[in-house]
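The values are calculated or read from the model by the stated rules, or taken from the named source; none is laboratory data. If you're wondering where the values come from, they're calculated on a predicted model, not measured in any experiment. Heads up, the Cβs are rebuilt from the backbone with ideal geometry, glycines too, and the neighbour counts pull from every protein chain shown.
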Amino acid sequence: MSHTEAAPGSSLDAGRRARDLAEAASGLTADILVVGLGATGAGAALDAAARGLDVVAVDAHDLAFGTSRWSSKLIHGGLRYLASGQFDVAHESAVERGVLMTRTAPHLVAAQPFVLPLTPLVSRAQAGVAWAGFRAGDMLRLAARTPRRVLPAPRRLSATEARHLAPSVRAAGLRGGLLSWDGKVTDDARLVTALARTAAARGARVLTRVRALELTGSGARIRDELTGEEGEIRARAVINAAGVWAGGLADGIRIRPSRGTHLVLRSERLGALPAGLHVPVPGESNRFVLVLPQGDGRVYVGLTDEPVDGGIPDVPEVPETDIGFLLDVLGSLLDAPVSRDEVVGAFAGLRPLLDTSAHDGAGPAPRTSDISRRHAVLTSPDGVTTVVGGKLTTYRRMAEDAVDAAAGASGLRAAPSPTAALPLIGAAAPGRLRALPAPGRLIRRYGTEAVAVHALAVQDPALAEPVLPGHPVTRAELLWAARHEGALDESDLLDRRTRIGLVPEDRARALPAARETLERAPTAHR
């Protein structure tokens with residue numbers, strides 16, 4: 001691969017979409033049709049394609065349109081599942097975190113330090129329980145065989161050290177802190193994009209703006225959302241990976257969504273944050289709000305865990321009650337509370353939790369925070385395989401299990417999954433990444449392709465300009481997204497390939513640059 005080109009066969013654009021859609025709907029029969037292009041669906045498309053199967057993958061909207069882009073950006077090692085006795089889920093999470101950090105996506109997933117400040121609100125007994133948990137988390141790392149150089153050990157901090165790592169924390173009564181580590185993805189939507197493009201490089205037809213109207217075990221009736229034309233895609237096996245919308249495509253699937261809300265603050269509001277923060281939720285023994293510095297001038301604060309009733313919206317709204325809760329918890333830790341008008345953005349995702357309860361309505365239903373994060377793979381009588389539950393960290397294992405089940409149900413002969421050792425587009429060993437002639441920020445987002453993105457800006461200095469003042473994304477990144485990452489409109493560019501759109505004010509200011517980019521990219525949809 002040339003340093004100024006995308007990985008061979010991986011580029012997604014409007015032209016390729018049109019060709020692949022025409023072929024997929026031409027009456028040919030694919031081996032596997034995947035519906036949904038979040039992390040699990042894109043992962044399933046990659047898993048099947050990597051086994052040598054002929055794959056079509058569709059989404060009614062865009063890559064990472066649903067829950068996958070609304071996460072905390074953490075690749076959890078499973079510590080929270082130990083506390084609830086879900087040892088298998090905890091171990092699986094730690095293993096999958098190690099796979100991402102050491103083999104499949106070391107350019108996108110790195111170690112993130114967290115400080116739990118020991119304020120007067122944290123009793124010595126609570127601190128003891130937290131410390132025991134962090135030590136147990138380190139044992140999970142060891143059991144998953146993730147090297148110490150990848151995830152450092154937890155340790156106790158003096159009050160001075162805690163203040164250095166968390167300068168905005170109230171100093172009065174601070175008696176120290178606890179430092180722990182977990183995985184963090186640079187951007188969850190970029191992880192999904194890398195999965196989809198890696199699948200495309202293996203021959204998968206990756207089709208956004210294609211809605212599955214009806215599923216059967218032998219394919220789907222579909223509609224091209226760009227033209228309104230309807231058609232059919234035939235397949236020997238079908239995987240429903242539509243997340244919170246999965247129940248609308250397969251009988252017998254009951255989803256109980258849980259809303260996780262995050263606030264977006266400007267980084268200067270909390271000052272330099274060398275580490276994230278664990279903020280204990282008052283009255284809860286093992287629940288924390290997280291403060292998550294993003295490195296792009298923003299900080300996320302989250303998250304909630306609230307049940308959602310009624311219809312499933314395309315983009316969940318953030319209620320004021322969630323915002324107030326998060327601000328109250330955050331304020332318990334800071335020298336100066338954050339006011340409502342300092343919240344420059346907010347986002348909410350809906351966790352696709354499988355409802356397995358036999359609740360009869362006689363008493364309160366179980367809290368969504370108590371529903372297992374264990375994923376489930378279910379095959380309907382007509383042969384549609386649905387994968388639900390789980391979480392971002394374990395997408396790869398969920399995808400592998402879904403392909404195994406779909407292939408088994410349909411009699412497809414498929415090789416074992418190779419994805420635990422299959423690097424995604426842009427992945428390379430840390431030493432090679434550090435040696436690349438490109439800015440570090442680009443390397444953390446594009447890996448080895450950072451050189452090609454940077455070359456666009458070198459060749460045309462206008463592309464080196466930031467999309468808007470105060471935000472690091474450049475016009476070269478928008479052009480790369482339109483040419484190689486399947487971005488078809490302004491929303492794709494601003495809301496998913498970059499995350500400029502998380503702050504509505506920034507999004508409005510960046511719209512002209514996005515429109516200019518789509519005019520410049522000859523294959524972008526108009």
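Quick look at the numbers
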| read-out | value |
| --- | --- |
| Flag for R145 being farther than 30 Å from G173 by Cβ, out of contact with any Gly (no Cβ under 9 Å at 6 or more places or on another chain), assigned by TED's automatic domain parsing to the domain that holds A272 and not in a helix (DSSP H, G or I) | no |
| Test: residue in the stretch 488-496 that is farther than 29 Å from A18 by Cα and not charged (D, E, K, R) | no |
| Boolean, G228 is surrounded by fewer than 21 Cβ atoms within 10 Å (Cβ to Cβ), of a type in the set (G, A, S), farther than 23 Å from V343 by Cβ and out of contact with any helix residue (DSSP H, G or I) (no Cβ under 9 Å at 6 or more places or on another chain) | yes |
| Residue match in the stretch 514-522 (condition: crowded, with 17+ Cβ neighbours inside 10 Å, without any contact (Cβ under 8 Å) to a residue 60 or more places away in the chain, assigned to a helix (DSSP H, G or I) and within 20 Å of the chain's Cα centre (by Cα)) | no |
| Helices (runs of 4 or more DSSP H) wholly inside the stretch 427-467 that include at least 3 residues being touching a Phe, Trp or Tyr at 6+ places or on another chain (Cβ under 8 Å) and surrounded by 15 or more Cβ atoms within 10 Å (Cβ to Cβ) | 450-459 |
| Single residue of G128, G77 found to be assigned to a loop (DSSP other than H, G, I, E, B) and not assigned by TED's automatic domain parsing to the domain that holds D401 | G77 |
| Single condition A48 does not satisfy, out of (1) in contact (Cβ under 8 Å) with a residue 12 or more places away in the chain; (2) out of contact with any strand residue (DSSP E or B) (no Cβ under 6 Å at 6 or more places or on another chain) | (2) |
| In the stretch 1-41, the residues that are closer than 17 Å to L226 by Cα and assigned to a strand (DSSP E or B) | L12 |
| Search result, residues across the stretch 360-385 that are modelled with pLDDT of 90 or more and closer than 16 Å to D47 by Cβ | V377, T385 |
| Subset of the stretch 100-115 that is of a type in the set (S, T, N, Q) and in a helix (DSSP H, G or I) - its residue that is surrounded by the fewest Cβ atoms within 10 Å (Cβ to Cβ) | T102 |
| G78 being in contact with a Phe, Trp or Tyr (Cβ under 7 Å, 6 or more places away or on another chain) and either crowded, with 24+ Cβ neighbours inside 10 Å or under 27 Å from A409 (Cβ atoms) (or both) | no |
| Long-range neighbours under 6 Å by Cβ, at least six apart or interchain, first residue touching a residue at least 60 places away in the same chain (Cβ under 8 Å) and hydrophobic (A, V, I, L, M, F, W, C) within the stretch 87-116, second surrounded by fewer than 22 Cβ atoms within 10 Å (Cβ to Cβ) and part of a helix (DSSP H, G or I) | V99/A420; V115/L165; L116/A130 |
| Qualifying residue in the stretch 170-182 (condition: outside any loop (DSSP other than H, G, I, E, B), of a type in the set (D, E, K, R), touching an Asp or Glu at 6+ places or on another chain (Cβ under 9 Å) and surrounded by fewer than 24 Cβ atoms within 10 Å (Cβ to Cβ)) | no |
| Residues that are among the hydroxyl-bearing types (S, T, Y) and either modelled with pLDDT under 95 or surrounded by fewer than 23 Cβ atoms within 10 Å (Cβ to Cβ) (or both), drawn from the stretch 468-498 | S491 |
| Hey, P307 within 22 Å of the chain's Cα centre (by Cα) and loosely packed, with under 15 Cβ neighbours inside 10 Å or not | no |
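A quick yes/no check of all residues on (1) among the charged types (D, E, K, R); (2) closer than 17 Å to G310 by Cβ; (3) in the same structural domain as V377 (by TED's automatic domain parsing); (4) surrounded by fewer than 20 Cβ atoms within 10 Å (Cβ to Cβ):
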site	(1), (2), (3), (4)
I239	no, no, yes, no
G243	no, yes, yes, no
A246	no, yes, yes, no
D251	yes, no, yes, yes
V264	no, no, no, no
S267	no, no, no, yes
L270	no, no, no, no
G276	no, no, no, no
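Residue by residue, here is whether (1) closer than 30 Å to R175 by Cβ; (2) modelled with pLDDT under 95; (3) in the same structural domain as P147 (by TED's automatic domain parsing); (4) surrounded by fewer than 24 Cβ atoms within 10 Å (Cβ to Cβ) holds:
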site	(1), (2), (3), (4)
L63	no, no, no, no
A83	yes, yes, no, yes
Q86	no, yes, no, yes
V89	no, yes, no, yes
